[in-house]
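K.L.:
Quick one: structure below, then a few questions.
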Amino acid sequence: MSKVIDHAPALDWVRQVGSEAQWVTSVCTGALILGAAGLLQGYKATTHWAWHDLLSLFGAEPVQARHVIDRNRATGGGVTAGIDFALALMAEIAGEDHARAVQLALEYDPAPPFDGGSPAKAGPALVDVYTARANRLAPTRRAELIASAERLGFQSA
C-alpha cells in the first residue's frame, strides 16, 4: 500500500482514473490509496479497523462500518466486508432485487465459526495479539503513511 502511495506515477494514475470514474471504490486498505490520491477528501469512508484512524490524515471522514457509500465513493472494511460492500454497491447500481439474486446465487449466508471478527467482539487481548503481529510484519507502515500524508500536503489530523 505505502509503495503505491509513494510511487508518483501509480498515484497519479489512481487520481486521474478516479476523477473520471462513475464510482470510486476500494476494499480494505485500498481506501488509504484513494485517500492519498485526494479522492476521499470530504467523503465518509471506512477501511480495515487497524488502519481506520489514518483515513482522517487524507481528508476522509472515518466511519466505523463494514461498508460506506457516500455519493459516488464506496469503501469497504476488511477483506470479507468486500462481499457486503459489493452487494450494497450492486443494489445502488442495479437495484436491491438484483443484488439479492446475486447473494442467493453465491449462497452468501455468513455464519462464521467464531463471533470475533471485529475489535469490539474479539476483545482487547486478541486485538493486542493481532496488533503486535501486524507491527512485527510491517513495523514502519504507520509512520510511512503519516509521512506520506504530510509529503502529499494533507493537513495533520
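K.L.:
From the set of residues in segment 130-150 that are of a type outside the set (A, V, I, L, M) and free of Cβ contacts under 8 Å to residues at least 60 places away in the same chain, which is surrounded by the fewest Cβ atoms within 10 Å (Cβ to Cβ)?
P.N.:
R136
K.L.:
Being surrounded by 23 or more Cβ atoms within 10 Å (Cβ to Cβ) and farther than 15 Å from R142 by Cα is the filter; apply it to segment 44-57 and report the residue that is nearest to the chain's Cα centre (by Cα).
P.N.:
For segment 44-57, the residue satisfying everything is T46.
K.L.:
Can I ask one more? Looking for whichever is of a type outside the set (S, T, Y), farther than 23 Å from S56 by Cβ and within 18 Å of the chain's Cα centre (by Cα) here; the options are L126, L89, L137, L104. Which one fits?
P.N.:
Among L126, L89, L137, L104, only L89 is of a type outside the set (S, T, Y), farther than 23 Å from S56 by Cβ and within 18 Å of the chain's Cα centre (by Cα).
K.L.:
Can you say whether F58 is under 26 Å from Q16 (Cα atoms), touching a helix residue (DSSP H, G or I) at 6+ places or on another chain (Cβ under 6 Å) and of a type in the set (F, W, Y), as far as the supplied structure shows?
P.N.:
Judged against the criteria, F58 is a match.
K.L.:
Looking for whichever is modelled with pLDDT of 95 or more, surrounded by 11 or more Cβ atoms within 10 Å (Cβ to Cβ), more than 29 Å from V14 (Cα to Cα) and not polar (S, T, N, Q) here; the options are V127, V63, V102, V68. Which one fits?
P.N.:
V127
K.L.:
Does T80 fit the bill of being at pLDDT 95 or above, closer than 24 Å to R141 by Cβ and of a type in the set (S, T, Y)?
P.N.:
No.
Rundown of residues vs (1) touching an Asp or Glu at 6+ places or on another chain (Cβ under 6 Å); (2) closer than 30 Å to H7 by Cα; (3) at pLDDT 95 or above, yes/no style:
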{"site": "G116", "(1), (2), (3)": "no, no, no"}
{"site": "A120", "(1), (2), (3)": "no, no, no"}
{"site": "A132", "(1), (2), (3)": "no, yes, yes"}
{"site": "R136", "(1), (2), (3)": "no, yes, yes"}
{"site": "A143", "(1), (2), (3)": "no, yes, no"}
{"site": "A147", "(1), (2), (3)": "no, yes, no"}
{"site": "Q155", "(1), (2), (3)": "no, yes, no"}
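The values are calculated or read from the model by the stated rules, or taken from the named source; none is laboratory data. Please read all numbers here as calculations on a predicted model, not as lab measurements. Glycine also receives a Cβ, built like all others from the backbone with ideal geometry; neighbour counts cover every protein chain displayed.
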